[in-house]
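All remarks here apply to the structure that follows.
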Amino acid sequence: VAGTDAGNIGTQHASSFYPELLLMQKAGLSNWEILRSATINSAKGFGKEALHGSIEKGKMADFILLDKDPSIDITVLSNIKKIVRRGEILETKKLFEVSPEILAQQQLNAYNLRDIEGFLEPYADSVEIYEFPEKLMSKGKDKMRKDYGPMFQQVKDLHCEVTKRIVQGNTVIDHETVWGFGPKPVNAVAIYKIENGKIAKVYFIQ
């Protein structure tokens with residue numbers, strides 16, 4: 001059964017569920033086994049398989065709609081377009097406003113997948129990257145693509161974990177542990193400044 005111990009340090013409510021599925025894949029489960037663990041197996045675990053867990057006549061009409069087949073590519077679960085809740089179709093973009101924390105988590109998820117386009121999507125076109133406090137390192141998405149694209153391809157063990165997160169208004173401060181750049185992990189602090197629904201500035205402290 002899929003699930004996380006949300007509430008522990010570094011294990012965020014809701015957003016920790018998707019990385020859990022990726023870890024299950026890394027551990028050797030097939031995509032179908034992962035999907036079953038998050039649907040029918042979970043329903044059976046709660047004794048609710050008569051109403052939930054699979055799409056069948058007479059069951060509750062609760063499911064998600066995707067653009068691609070998750071049995072082929074499990075990462076499509078990170079881009080849910082629509083939700084059907086008790087038969088009512090809901091568009092995810094209209095359900096809630098994208099918060100600063102969601103933007104920070106979205107780019108982190110894509111970073112760990114080494115998905116350059118997904119990684120850049122939460123950023124403003126004119127994003128500025130600084131070495132704290134005010135040393136400008138890069139500006140614009142195109143520069144980020146040139147910097148991060150090759151790194152995503154070359155560093156196969158790349159992984160970043162948030163060990164502590166503080167959200168204050170439009171600012172997100174993450175204490176991060178990053179693997180893939182040597183025998184020991186690197187500890188850093190990333191400060192994300194959000195403007196107009198996008199990450200406009202990032203300050204790194206090492």
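Worth pointing out:
- When Phe46, Phe17 are screened for being open to solvent by 70 Å² or more (accessible area, probe 1.4 Å) and under 19 Å from Gly118 (Cα atoms), only Phe17 passes.
- Within the range 154-162, the presence of at least one residue that is in a helix (DSSP H, G or I), loosely packed, with under 14 Cβ neighbours inside 10 Å and either of a type in the set (Val, Ile, Thr) or over 19 Å from the mean Cα position of the chain (by Cα) (or both) is confirmed.
- Residue identified as β-branched (Val, Ile, Thr) and either within 25 Å of Asp174 (Cβ to Cβ) or surrounded by 12 or more Cβ atoms within 10 Å (Cβ to Cβ) (or both) among Ile89, Ile72, Ile80: Ile80
- Members of the range 92-137 that are under 30 Å from Ser54 (Cα atoms), surrounded by 15 or more Cβ atoms within 10 Å (Cβ to Cβ) and free of Cβ contacts under 8 Å to residues at least 40 places away in the same chain: Gln106, Ala110
- Candidate set from the range 111-149 (those that are more than 22 Å from the chain's Cα centre (by Cα) and polar (S, T, N, Q)); member that is farthest from Phe204 (Cα to Cα): Ser126
Residues checked against (1) closer than 19 Å to Glu128 by Cα; (2) of a type in the set (Lys, Arg):
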position: Lys143; (1), (2): yes, yes
position: Asp147; (1), (2): yes, no
position: Asp157; (1), (2): no, no
position: Ile166; (1), (2): no, no
position: Ile173; (1), (2): yes, no
position: Lys184; (1), (2): no, yes
position: Val189; (1), (2): yes, no
position: Lys201; (1), (2): yes, yes
position: Ile205; (1), (2): yes, no
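- Filter pass, Gly169 being under 19 Å from Phe17 (Cβ atoms) and in contact (Cβ under 8 Å) with a residue 12 or more places away in the chain: no
- Cβ-Cβ under 6 Å pairs, at least 6 apart or on other chains, the range 185-205 side over 10 Å from Ile173 (Cβ atoms), far side open to solvent by less than 20 Å² (accessible area, probe 1.4 Å) and part of a loop (DSSP other than H, G, I, E, B): Ile199/Pro122
- Boolean, Ala61 is modelled with pLDDT under 95, touching a Gly at 6+ places or on another chain (Cβ under 7 Å) and closer than 30 Å to Met144 by Cβ: no
- Subset tally (residues that are of a type in the set (Phe, Trp, Tyr) and either in contact with a Leu (Cβ under 7 Å, 6 or more places away or on another chain) or at pLDDT 95 or above (or both)) for the range 180-194: 1
- Scan the range 167-194 for residues that are surrounded by 12 or more Cβ atoms within 10 Å (Cβ to Cβ) and farther than 20 Å from Lys26 by Cβ and the total you get is 16.
- Any hit, the range 128-135, residues being outside any loop (DSSP other than H, G, I, E, B), closer than 17 Å to Ala188 by Cβ, modelled with pLDDT under 95 and not acidic (Asp, Glu): yes
The values are calculated or read from the model by the stated rules, or taken from the named source; none is laboratory data. Since this is a predicted model, take the numbers as computed values, not measurements. Neighbour counts run over all protein chains shown; Cβ positions are idealised from the backbone, glycine included. Protein only, heavy atoms only, side chains kept; ligands, DNA and RNA dropped before computing areas. Shrake-Rupley method; radii C 1.70, N 1.55, O 1.52, S 1.80 Å.
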